[in-house]
Ligand code: GLN
């Protein structure tokens, strides 16, 4: 079996169960593919061959003894590098954490380990998950496996590219404003941001705590569901964790009934979200999927949500405010790298300032400055307070939407994978990438992105589905219908390809 990595996670699990393959063989195939492709794609910042092979060997031995194992035990997985892994370097793609080896596991990582999924490595991201192209990694950008001259989206471009290039079937991402869903669209993968609180944030390096959510990245919906099943559930270590039964999302999909599942469901399209500036093909493919949903018996409801127009500016007040507070802990005193100014007896403040100046990249500095400005006495009420009030209005509007509809849908992002060398007039233009994904974070709603076709350049487009809080099961149900409905329009990422253009070496990039 030379093409082991072509298998989905659930196919790998089945092959393991039936004794057609060992976990060691799967992990070796994953590591070989990483070794072959990572120099050009740069999806991984760290690879843990030793740890992954040790877990694989353990799984193989237990299986040989007939021990009861988790169904996905032995299937290789990758973890976004802003999620801490005990004993394995975790940098959040920032120089300020370069070389930091966490003393503990994030809860999601502990759950992967408990289910015995070998963790092959840590994936690249925009520094501290701030960005939409993985261009702001201090360790060089990740390349999109569909076209190495294009970005894979961000911030979770590493996880998305690793899955799209068949280095791993599964990866974890984090989504604060779209960082799982937007890269999913740009790489033709499936990305899910579950309901806020469904998945523990303990050990996920905070960007904006009230918006952050960890979630699965995969090449199909069933694999994503299987991964969500492993990591979801109450965690006493996270005060915002939902303490309630979750149920199996995989089971939901398996019993949903495919495309018939949407019969009679009310699927909303929000006028204000559709007014954004989508690429022609993104819009056309969205309209085609809508027509397919309607043909399958869904009722399409067109609604107006005036407050949604303010989701974008609201997010860009709340996110920097929370980020500037969260990032205050990175001072060179307690974590990671310390830069000491070259002068006699520098003060603690001078060391902190010098460390931050050298350790943080330009986008992180920009957001910290925005955040501290928003939070300044004198500005607080006008900016941060206003944003919080707006957030409440948006939530209320969305509550009304879910009285009239079961889910709402939109294109996931404005455009397909963009070239690295594109012209961006201002940071705001780049920020607009997430205009469709942000509302779900502001309201804590479960949302996912699933491929629905390709554009004129052969690049993947996607549809986003958003459900009411805690309705993750409904989200998966609708998505499983869509997956079936669009199957003929979708092109899977290519497996064999010439990924030969080398990515810049880890230290070539501009880290400052
Ligand atoms: N691209 C968005 C931002 O830069 C979202 C980031 C995220 O979801 N982590 O803020």
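The values are calculated or read from the model by the stated rules, or taken from the named source; none is laboratory data. Only a predicted model underlies this, so the values are computations on that prediction, with no experimental measurement involved. Every residue, glycine among them, receives a Cβ derived from its backbone with ideal geometry; neighbour counts consider all protein chains shown.
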Test: residue 218 is under 29 Å from residue 11 (Cβ atoms), in contact with a strand residue (DSSP E or B) (Cβ under 6 Å, 6 or more places away or on another chain) and surrounded by 24 or more Cβ atoms within 10 Å (Cβ to Cβ): yes
Verdict on residue 303 being touching a strand residue (DSSP E or B) at 6+ places or on another chain (Cβ under 8 Å), farther than 11 Å from residue 411 by Cα, away from the ligand (no atom under 16 Å from the Cβ) and in contact (Cβ under 8 Å) with a residue 40 or more places away in the chain: yes
Test: residue in the stretch 366-386 that is buried (at least 21 other Cβ atoms within 10 Å of the Cβ) and in contact with a strand residue (DSSP E or B) (Cβ under 9 Å, 6 or more places away or on another chain): no
Filter result for residue 186 (within 16 Å of the ligand (Cβ to nearest atom) and either in contact with a helix residue (DSSP H, G or I) (Cβ under 8 Å, 6 or more places away or on another chain) or under 19 Å from residue 444 (Cα atoms) (or both)): yes
Qualifying residue in the stretch 336-343 (condition: under 30 Å from residue 141 (Cβ atoms), in contact (Cβ under 8 Å) with a residue 40 or more places away in the chain and either away from the ligand (no atom under 16 Å from the Cβ) or under 26 Å from the mean Cα position of the chain (by Cα) (or both)): yes
Pick from the stretch 415-448, criterion assigned to a loop (DSSP other than H, G, I, E, B) and within 11 Å of the ligand (Cβ to nearest atom), ranking: nearest to residue 313 (Cα to Cα): 435
Flag if residue 191 is touching a helix residue (DSSP H, G or I) at 6+ places or on another chain (Cβ under 9 Å), within 28 Å of residue 8 (Cα to Cα), in contact (Cβ under 8 Å) with a residue 60 or more places away in the chain and part of a loop (DSSP other than H, G, I, E, B): no
Long-range neighbours under 8 Å by Cβ, at least six apart or interchain, first residue without any contact (Cβ under 8 Å) to a residue 60 or more places away in the chain within the stretch 277-297, second surrounded by fewer than 18 Cβ atoms within 10 Å (Cβ to Cβ) and assigned to a helix (DSSP H, G or I): 297/260
Selection count, the stretch 103-138, where residues are crowded, with 24+ Cβ neighbours inside 10 Å and part of a loop (DSSP other than H, G, I, E, B): 14
Close pairs from the stretch 432-457: first on the phi > 0 side of the Ramachandran plot, partner buried (at least 24 other Cβ atoms within 10 Å of the Cβ) and assigned to a helix (DSSP H, G or I), Cβ under 8 Å, at least 6 apart: 453/285
Residues satisfying the stated conditions in the stretch 161-183, i.e. within 16 Å of the ligand (Cβ to nearest atom) and in contact with a strand residue (DSSP E or B) (Cβ under 6 Å, 6 or more places away or on another chain): 171, 172, 173, 174, 175, 180, 181
Among residues of the stretch 392-405, those that are under 21 Å from residue 293 (Cβ atoms) and under 24 Å from the mean Cα position of the chain (by Cα), counted: 1
Some residue of the stretch 33-56 being without any contact (Cβ under 8 Å) to a residue 60 or more places away in the chain and not in a helix (DSSP H, G or I): no
Lone unmet requirement of (1) within 17 Å of residue 185 (Cβ to Cβ); (2) within 16 Å of the ligand (Cβ to nearest atom); (3) at pLDDT 95 or above for residue 455: (2)
Output for the stretch 227-277, where each listed residue is at pLDDT below 95 and in contact with a strand residue (DSSP E or B) (Cβ under 8 Å, 6 or more places away or on another chain): 246
Filter pass, residue 275 being loosely packed, with under 14 Cβ neighbours inside 10 Å, within 17 Å of residue 466 (Cα to Cα) and out of contact with any helix residue (DSSP H, G or I) (no Cβ under 6 Å at 6 or more places or on another chain): no
Enumeration of residues in the stretch 404-414 that are away from the ligand (no atom under 11 Å from the Cβ), in a loop (DSSP other than H, G, I, E, B) and within 29 Å of residue 41 (Cβ to Cβ): 412, 414
Matching option when the condition is under 13 Å from the mean Cα position of the chain (by Cα), within 16 Å of the ligand (Cβ to nearest atom) and more than 22 Å from residue 462 (Cα to Cα), among 204, 208: 204
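One line per residue, one yes/no per condition, for (1) in contact (Cβ under 8 Å) with a residue 60 or more places away in the chain; (2) farther than 29 Å from residue 134 by Cβ; (3) within 16 Å of the ligand (Cβ to nearest atom); (4) in a loop (DSSP other than H, G, I, E, B):
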residue	(1), (2), (3), (4)
363	yes, no, yes, no
366	yes, no, yes, no
370	no, no, yes, no
373	no, no, no, no
378	no, yes, no, yes
384	yes, no, no, no
391	yes, no, yes, no
402	yes, yes, no, no
Hits in the stretch 149-160 - residues which are part of a loop (DSSP other than H, G, I, E, B), closer than 30 Å to residue 24 by Cα and more than 12 Å from the ligand (Cβ to nearest atom): 152
Criterion (without any contact (Cβ under 8 Å) to a residue 60 or more places away in the chain and within 16 Å of the ligand (Cβ to nearest atom)) met by exactly one of 125, 62: 125
